[in-house]
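Engineer: First the structure, then my questions, so here it is.
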Amino acid sequence: MQSHFEKEISDLKDKLLTMASHAETSVRRAVEALMNRDEKLVSQVRENEDIIDRFEVQIDEVAVHLLSKAPLATDLRLIMVAMKISQNLERVGDEASKIAKRTRELIQEAPLKQVARIPSLADMALASLKASLDAFVNHDPAAARALIPRDKEIDALNKEIYRDLANQMVEAPETIASGLNLIVVAKSLERIGDHAKNVAEEVVFLFEAQDIRHTAATKVTQP
């Protein structure tokens, strides 16, 4: 049977994964709203931001409570990492809301052809986020290390979209407002990829007790 402490730790993990599901849903809805020019979905994203924010507060409260009871260093790392993952998920929700806000403005303008590349960027960012959370659930720091280099692919696609939009705005100044909004959307998706990378780095810290942020250790290690 689980001890009371183990049950509380399990509940903390469950709450974190539920929060992650809400964050992913918000991003997908925001991108769908953009592609389908759907005002209703925009409103749903903004409403879901409040839910994600409440999860962060709840997770912090539970984590602070558990810190005083953690018997092992591994438990302390888990609680600290849960709080950091929660912070990154809250910021993913913020980026989804930013996309929704820009979408509301884009709906009022003629669509630009570059919007067609946005779903690919979103898919890449969300795939990295899911993979980092899977590594957390599966206690798999090697998988976490392996996905960190994907962040460069997300950055590269964001830069391509930026260049295309910049050229579009030079050639057709009437598209500047829409172009700038799409640049912000793409940048938000790139930042979601950054948060996925942050989660992966926290997973490595959790299971290997190594802080690999800002170091060459973010490269994939060979067996």
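Coordinate-derived values only; no laboratory data. Quantities reported herein were computed from a predicted structural model and do not represent experimental measurements. Every residue, glycine as well, gets a Cβ built from its backbone with ideal geometry; the counts of neighbours run over all protein chains shown.
Engineer: For region 4-43, name all the residues that are of a type in the set (S, T, N, Q) and within 16 Å of Val62 (Cβ to Cβ). Even if it seems obvious, please write down each step before you answer.
Structural biologist: Of the residues in region 4-43, the ones of a type in the set (S, T, N, Q) are 10, 18, 21, 25-26, 36, 43.
Within region 4-43, Ser10, Thr18 meet the criteria.
Yes/no per residue for (1) farther than 26 Å from Val137 by Cα; (2) under 15 Å from the mean Cα position of the chain (by Cα); (3) buried (at least 21 other Cβ atoms within 10 Å of the Cβ); (4) among the charged types (D, E, K, R):
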site: Val27; (1), (2), (3), (4): no, yes, yes, no
site: Glu39; (1), (2), (3), (4): yes, no, no, yes
site: Gln44; (1), (2), (3), (4): yes, no, no, no
site: Val62; (1), (2), (3), (4): no, no, no, no
site: Ala73; (1), (2), (3), (4): no, no, no, no
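Engineer: Right, next: Do we find a residue being basic (Lys, Arg) and over 14 Å from Val92 (Cβ atoms) anywhere in region 118-138? Outline the logic, then answer.
Structural biologist: First, pick out the residues of region 118-138 that are basic (Lys, Arg): 130.
Narrowing further to those that are over 14 Å from Val92 (Cβ atoms): none.
Among the residues of region 118-138, not one is basic (Lys, Arg) and over 14 Å from Val92 (Cβ atoms), which makes the answer no.
Engineer: Can you say whether Ala186 is in contact with a helix residue (DSSP H, G or I) (Cβ under 7 Å, 6 or more places away or on another chain), of a type in the set (A, V, I, L, M, F, W, C), buried (at least 20 other Cβ atoms within 10 Å of the Cβ) and farther than 25 Å from Ala82 by Cβ, as far as the supplied structure shows?
Structural biologist: Yes, satisfied.
Engineer: Given the conditions (1) farther than 30 Å from Ile183 by Cβ; (2) surrounded by 14 or more Cβ atoms within 10 Å (Cβ to Cβ), which single one is not true for Asp14?
Structural biologist: (2) is the only condition that Asp14 fails.
Engineer: Can you run down the residue pairs with Cβ atoms below 6 Å, 6 or more apart or on separate chains, where the first is in region 9-32 and without any contact (Cβ under 8 Å) to a residue 60 or more places away in the chain and the partner is part of a helix (DSSP H, G or I) and crowded, with 17+ Cβ neighbours inside 10 Å?
Structural biologist: Every condition considered, the pairs that remain are Lys15/Ile59; Glu32/Leu41.
Engineer: Could you list, ordered by first residue, the pairs with Cβ atoms under 6 Å in which the first is in region 145-158 and in a loop (DSSP other than H, G, I, E, B) and the second is buried (at least 20 other Cβ atoms within 10 Å of the Cβ), at least 6 apart or interchain?
Structural biologist: Going by the 6 Å Cβ cut-off, the qualifying pairs are Ile148/Lys197; Ile148/Ala200.
Engineer: Right, here's the next one. Which is within 23 Å of Met169 (Cα to Cα) and of a type in the set (Gly, Ala, Ser), of Ala146, Ala116? Full working, then the answer.
Structural biologist: On the way: Ala146 fails: within 23 Å of Met169 (Cα to Cα).
Going through Ala146, Ala116 in turn, just one is within 23 Å of Met169 (Cα to Cα) and of a type in the set (Gly, Ala, Ser): Ala116.
Engineer: Also: Being of a type in the set (A, V, I, L, M, F, W, C) and surrounded by 19 or more Cβ atoms within 10 Å (Cβ to Cβ) is the filter here, so list the residues in region 132-156 that pass it.
Structural biologist: As a first pass, look at region 132-156 and keep what is of a type in the set (A, V, I, L, M, F, W, C): 133, 135-137, 142-144, 146-148, 154, 156.
Of everything in region 132-156, those that are of a type in the set (A, V, I, L, M, F, W, C) and surrounded by 19 or more Cβ atoms within 10 Å (Cβ to Cβ) turn out to be Leu133, Ala135, Phe136, Ala144, Leu147, Ile148, Ile154.
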